[in-house]
Amino acid sequence: MVPDRMIATSSCRSAWLAAVAALLLSLCPSFGLAETTVKDFRVGWVLANPDGAFDRPTIGINGQWPIPQLTATVGDRMILNVHNDLGNASTSLHFHGFFQNGTNYMDGAVGVTQCAIPPGSSFTYDIVFEQPGTYWYHSHSGGQYMDGLRGAIVVHDPAGPYEGKYDKEIVLSISDWYHELSVDLIDQLINVENPTGAEPVPQAALINDTQNLSIPVMPDTTYLIRFVNIGGFAAQYIWFEGHSMRVVEVDGVWTEPADADMLYITPAQRYSVLLTTRSDTSANFALVSAMDEGLFDVIPEGQNSNVTAWLVYDATKPLPAPQPVNELEAFDDFDLVPVDGLAIFDHVDHSFSLEVQMDNLRDGANYAFFNDMTYVQPKVPSLYTALSVGGTNASSPIVYGSHTNTHVFKHNDVIELILNNGDDGRHPFHLHGHNFQVVHRSDEDGGIYIPDDLAASEFPRVPMRRDTVFVEGNGNFVIRFRADNPGVWLFHCHIEWHMDQGLVATFVEAPEALQALQVPESHLEACRAAGKPTAGNAAGNIKDVFDLKGENKPPGRLPEGFTAKGYVALFFSTVAALMGMAVITWYGLIDPNVKDRGAEHQPLISEDNE
Ligand SMILES: *[C@@H]1O[C@H](CO)[C@@H](O)[C@H](O)[C@H]1NC(C)=O
Ligand SMILES: *[C@@H]1O[C@H](CO)[C@@H](O)[C@H](O)[C@H]1NC(C)=O
Ligand SMILES: *[C@@H]1O[C@H](CO)[C@@H](O)[C@H](O)[C@H]1NC(C)=O
Ligand SMILES: *[C@@H]1O[C@H](CO)[C@@H](O)[C@H](O)[C@H]1NC(C)=O
Ligand SMILES: *[C@@H]1O[C@H](CO)[C@@H](O)[C@H](O)[C@H]1NC(C)=O
Ligand SMILES: *[C@@H]1O[C@H](CO)[C@@H](O)[C@H](O)[C@H]1NC(C)=O
Ligand SMILES: [Cu+2]
């Protein structure tokens, strides 16, 4: 392990030497000295077995897994040198929930703000933790974080509203665990042999990257417990036996306290709760996390969707098996109220809608769509396109490509995004670079959202804000935010499988205000090492930025009148009748040009896994 180096920020040190106390406090909000930490992370393969089944190849840092939790205080800076030791895969790190205001190129989104870091290359992230709360970091390269490259980040807030209202802090990640590598699972998912798009189902659930965890607690003590779902697919219901919780934070936003018995936490969401322990230490209590099986098409044999941990008051006493719960009914985050009281943006400058569908393309595999468009990574990261095509042309969505679902926003406009879910599953949507007000969310089967003044008059006065929110099956939500963070930001489903299937949109915010950004040399070097262009439109064309010839594309559409249902029926009857061989023949009939299905859906993942 390479020890972290810690140095005082020079501006703070001179303030210190000058002993100008007032200046010191204003420069360094965290009691004087904001710290700069330099870390070296070597990302490489290790073996791990968190669910007790068997050792599997897992992605660790500096030879260890679980990877380290990052802890900072508001104002601290972290310089993170990442070296890719994987040998056979590219990588990246995204710092989930941080706005990266003025540092868009540090957002870690491959194909958007950087090229994937190829094996053998290094890349430096330089981040000032300006927002307090619970966050996480993870690879943003095709499914890779589900192979283990994900960990919690905590940013302490000495000026926070709950400072002094709790005695101790506990950080608990929850996640799902697979026995196979993500690259292989993606290949099985996006495949002619899986025309319904059934997602791979995890083999196990984990709390803090393990099972049966003992959490030692003291009596009569108030804990701030920070939960972060670092999983890739399963949302989880989580509850304590014999204790109740008061929610005080969601996704980095402090909220007024709200009592909860059970939480529902989707991948990428965070909750902090206050929990006061009992006076009596005669028994220990279970903490149960149960994966939402409603998302699973099948439950694999031997899978236990639940994982248990215990609040341990007395290590000599037994750890009781959890009691079954009749109904999984979780706290509704919609009613939370941010402590800062930020009122609803009631004047909207730009409203638009995205409709979610899942459907098949010509290669027979199942994809995900926003407004009939499945996302394919452009050849040039979209930020680099914005910076190289220049001022006015950067405001045209065309230059970002025909398959990136690009929307361009004007600086400081209030944006309203209406999301209509045409799929019957729940999806957790995440916006980079912002949190957003959730002004409306329908129940399941709420259908298409129809704007009307009466409904709008019933929106909450101070809406809940967060950076990841789920939509109900066949339902809708309406979110609002101000486009006050010039940059290129992804909006995507945080179910990693759906992201790989293309459920991604690109928001280009105030591109004219971005033009002064200087992308660090180590970032451009990663592209060069990978043989990727760093300038031009989505196709890498710099001469005529409106010419997209050669851009990455998804497989073609199914022929007119050829419905997905018919396709699926045909698939299964073909398999049943002719056992496999026929599939190949029939597959050839669909598109004689397609010889290799791997190559056909390659554009979706080519940046990430080579
Ligand atoms: C946790 O306990 C359960 C029940 O005893 C057991 O099946 C499982 O293997 C344990 N997990 C680990 C990682 O030891
Ligand atoms: C990459 O290397 C790991 C560790 O050796 C191995 O388990 C995995 O199968 C390899 N992946 C590919 C795509 O070759
Ligand atoms: C949970 O994991 C974090 C990070 O690995 C570790 O610091 C912490 O001690 C763990 N919590 C418990 C209760 O074991
Ligand atoms: C998981 O927990 C739920 C809720 O208590 C229960 O209904 C279910 O039977 C549990 N599953 C297992 C495998 O124990
Ligand atoms: C980004 O910084 C600008 C200038 O300080 C500020 O006006 C804006 O609100 C910030 N945006 C976000 C999302 O933090
Ligand atoms: C916009 O792109 C067109 C086509 O490539 C080019 O002719 C024009 O000069 C560009 N405009 C600016 C302001 O760069
Ligand atoms: Cu989804």
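Report the per residue volume, in Å³, of the convex hull enclosing the C-alpha atoms of the stretch 123-187. Present the calculation step by step, with values, prior to reporting the outcome.
On the way: hull volume 7.6 nm³, N = 65.
Each residue corresponds to 117 Å³ of Cα convex hull volume.
What distance in nm separates the simple spin-label points at Thr392 and Ile79, each placed 7 Å from Cα in the Cβ direction?
With each label point 7 Å from Cα toward Cβ, the separation is 4.1 nm.
Using +1 on the beta carbon of Lys and Arg, -1 on that of Asp and Glu, and nothing else charged, what's the dipole of the stretch 162-338 about the Cα centre, debye to 20? Please report the intermediate quantities before stating the final value.
Numbers: 7 positive and 28 negative charges, 145 e Å.
The dipole magnitude comes to about 700 debye.
With runs of 4+ DSSP H residues as the only contributors, calculate the mean residue ellipticity of the chain at 222 nm using -39,500 (n - 2.57) per run, divided by the residue total and rounded to the nearest 500.
Details: 11 runs with 85 residues, N = 610.
Here the helix-only value at 222 nm equals -3500 deg cm²/dmol.
Ala535: net charge of surrounding residues, Cβ under 12 Å, Lys/Arg +1, Asp/Glu -1, itself excluded? Intermediate values should be presented prior to the final figure.
Details: positive: Lys379, Arg528, Lys532, Lys543; negative: none.
Neighbour charge sum, excluding Ala535 itself: +4.
If we count every other residue with Cβ under 10 angstrom of Tyr313's Cβ, Lys/Arg +1 and Asp/Glu -1, where does the sum land? Intermediate values should be presented prior to the final figure.
Working: positive: Arg278, Lys317; negative: Asp280, Asp314.
So the environment of Tyr313 carries a net charge of 0.
Can you find, among Leu172, Met218, Phe409, the residue sitting farthest towards the positive end of the charge dipole of the chain, where Lys and Arg contribute +1 and Asp and Glu -1 at Cβ?
Among Leu172, Met218, Phe409, the one farthest towards the positive end of the dipole of the chain is Phe409.
Can you work out D for the stretch 350-529 in µm² s⁻¹ from Stokes-Einstein, where Rh is the Kirkwood radius over C-alpha pairs, the temperature is 10 °C and the viscosity is 1.306 mPa s?
Values: Rh = 17.2 Å.
It comes out at roughly 92 µm²/s.
Please report, in debye to the nearest 20, how large the charge dipole of the stretch 350-529 is about its Cα centre when each Lys and Arg carries +1 at its beta carbon and each Asp and Glu carries -1 there.
Details: 11 positive and 23 negative charges, 120 e Å.
For the stretch 350-529, the charge dipole is close to 580 debye.
Evaluate the distance, in nm, between pseudo-label points positioned 7 Å from the Cα of Ala530 and of Lys168 along their respective Cα→Cβ axes.
4.3
Counting Lys +1, Arg +1, Asp -1, Glu -1, what net charge surrounds Glu444 among other residues with beta carbon under 11 Å of its beta carbon? Provide the component values of the computation, followed by the final result.
Working: positive: Arg426, Arg441; negative: Asp424, Asp443, Asp445, Glu472.
Result for the neighbourhood of Glu444: -2.
Name the residues whose placed amide hydrogens come within less than 5 Å of the amide hydrogen of Asp76, ignoring near sequence neighbours (fewer than 5 apart) on the same chain.
Glu35, Phe129
Could the peptides 201-208, 287-294 be put in order, highest first, of the mean number of other beta-carbon atoms found within 10 Å of their residues? Kindly include the intermediate steps, with their values, before the conclusion.
On the way: 201-208: 21.8, 287-294: 19.8.
Ranked by mean Cβ neighbours within 10 Å, highest first: 201-208, 287-294.
Rg and Dmax of the chain, using alpha carbons, in Å: what are they?
24.2, 85
Put +1 on the Cβ of each Lys and Arg and -1 on the Cβ of each Asp and Glu in the chain; which of Ser282, Leu206, Gly142 then has its Cα farthest toward the positive end of the dipole?
It is Gly142.
Check Glu169: other-chain or 5+ apart residues with amide H under 5 Å from its amide H, H built from backbone geometry?
Answer set, sorted by chain and number: Leu224.
When the Debye formula is applied to the Cα atoms of the stretch 162-338, each taken as the same point scatterer, what base-10 log of I(q)/I(0) results at q = 0.08, 0.14, 0.16 Å⁻¹?
Results for the stretch 162-338 at q = 0.08, 0.14, 0.16 Å⁻¹ read -0.28, -0.78, -0.98.
Could you calculate the contour length gain from Asp413 to Glu180, that is, 0.36 nm times the residue separation minus the distance between their Cα atoms, to one decimal place in nm? Write out the running numbers ahead of the final one.
Working: separation 233, 0.36 × 233 = 83.88 nm, distance 4.44 nm.
Full extension from Asp413 to Glu180 adds 79.4 nm.
Report Rg/Rh for the stretch 272-385, rounded to two decimals, where Rg is the Cα radius of gyration and Rh the Kirkwood radius.
Values: Rg = 23.5 Å, Rh = 21.0 Å.
Computed over Cα atoms, the ratio is 1.12.
How much of the DSSP beta bridge set in the stretch 162-338 is antiparallel, as a percent to the nearest 5? Don't skip to the answer; put the middle values down first.
Values: 37 of 49 bridges.
So the antiparallel bridges amount to about 75 percent of the total.
Total Lys pairs in the chain closer than 29 Å by alpha-carbon, pairs eight or more apart in sequence or interchain only?
Step by step, the pairs that qualify in the chain add up to 21.
Residue by residue through the stretch 395-406, what is 3J(HN,Hα) from phi via Karplus (6.51 cos²θ - 1.76 cosθ + 1.60, θ = phi - 60°)? Round to whole Hz and write x for glycine and proline.
Ordered by residue, 3J(HN,Hα) equals 8, 8, x, 4, 5, 7, x, 8, 10, 10, 6, 7 Hz.
Rounded to two decimals, what ratio of Rg to Rh does the stretch 377-418 give with C-alpha atoms and a Kirkwood Rh?
Values: Rg = 11.1 Å, Rh = 11.3 Å.
When Rh is taken as the Kirkwood radius, the ratio is 0.98.
Quote the FRET efficiency, to the nearest 0.05, computed for Thr316 versus Asp280 with a Förster distance R0 of 25 Å and r equal to the Cβ-Cβ distance.
0.95
Charges on Cβ only, +1 for Lys and Arg, -1 for Asp and Glu, centred on the Cα centroid of the stretch 162-338; of Ala315, Leu189, His243, which one is farthest towards the dipole's positive end?
About the Cα centre, the residue reaching furthest to the positive side is Ala315.
Which value, in debye to the nearest 20, describes the size of the charge dipole of the stretch 254-316 about its Cα centre when Lys and Arg Cβ atoms bear +1, Asp and Glu Cβ atoms bear -1, and nothing else is charged? Provide the component values of the computation, followed by the final result.
Working: 2 positive and 9 negative charges, 48 e Å.
For this selection, approximately 240 debye.
Which far-off residues, 5 or more places away or on another chain, put their amide H under 5 Å from the one on Glu249, with H placed in the peptide plane?
HN-HN under 5 Å from Glu249: Thr255, Ser272.
As an exercise, find the ratio Rg/Rh for the stretch 93-224 from alpha-carbon atoms, using the Kirkwood inverse-distance average for Rh.
On the way: Rg = 18.7 Å, Rh = 17.9 Å.
Taking Rh as the inverse mean 1/r over Cα pairs, Rg/Rh reads 1.04.
Which FRET efficiency, nearest 0.05, do Asp453 and Asn304 yield, Cβ-Cβ r, R0 51 Å? List each step's numbers first, then the result.
Values: r = 49 Å, r/R0 = 0.97.
Using R0 = 51 Å, I get an efficiency of 0.55.
Among DSSP beta bridges whose residues both lie in the chain, state the antiparallel percentage, nearest 5.
Working: 97 of 133 bridges.
Rounded to the nearest five, the antiparallel share is 75 percent.
No lab work stands behind these numbers, since they all come straight from the coordinates. Fair warning: this is a prediction, and the values are worked out from it, not measured in the lab. We place every Cβ from the backbone using ideal geometry, glycine too, and count neighbours over all the protein chains shown.
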